[in-house]
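Please treat every number below as a calculation from the coordinates, not as lab data. Source: prediction; values computed, not measured. Here the Cβ is made from the backbone with ideal geometry for all residues, glycine too, and neighbour counts use every protein chain on show.
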Amino acid sequence: MRCPFCKENDDKVIDSRESTDAFVIRRRRECLSCGRRVTTYERIEETPLRVVKKDGTRIPFERRKILIGLMKACEKRPVPSEMLEEITQKIEDYVTERYDREVPSKVIGNLVMRELRRVDQVAYVRFASVYRAFQDVEDFEEVAEELRRRPPRKREAAAPGGGAAAGGPAGGDGEEAPGDGPEPASP
Ligand SMILES: [Zn+2]
């Protein structure tokens, strides 16, 4: 550590002790060049993980957002909540293990898609279509918000009126379609 007085980078620790709460270590150092003493405090670094959006802005990583996104995508789908919790945990673990301080939002979005695909095809398509539409913004929150605002409705177009009035291009219930093509266009 560089001495604040003589700027030499040569010192020895002469005393080291934990503070009362044990989260901080106080060290007494002596400069070997000029002999002056300084005290340093060492504490656990709490740099929260941040998500880097495509436009370069940073927002704090929040697992809550992942869970909410998953819940929206799985609305009215036979996917138990514990599973969504598990996926969220898995993604959080993955991200915090591999990324030190910042993680691209794209990484998280792709992880969510990968997990959803495994769990529920419909939820996957729902999420993917909205997510891809937002990729410019890459804001996870907006994906969740969009999913909330437009709760995915399936065969409802065919339900009332009896007429095959404004049938979408999907022509009925593409709900369980195994392919991962784009979601049937909804108004
Ligand atoms: Zn010095």
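Numerical summary
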{"quantity": "Residue order, fewest to most beta carbons within 10 Å, for Tyr99, Tyr124", "calculated": "Tyr99, Tyr124"}
{"quantity": "Length released on extending from Thr96 to Asp55, taking residue separation times 0.36 nm less the Cα-Cα span", "calculated": "12.6 nm"}
{"quantity": "Gyration tensor (alpha-carbon) shape descriptor, segment 50-152, a/c threshold 1.5", "calculated": "oblate"}
{"quantity": "Using a Förster distance of 35 Å, the FRET efficiency for Glu85-Ser19 (Cβ separation, nearest 0.05)", "calculated": "0.45"}
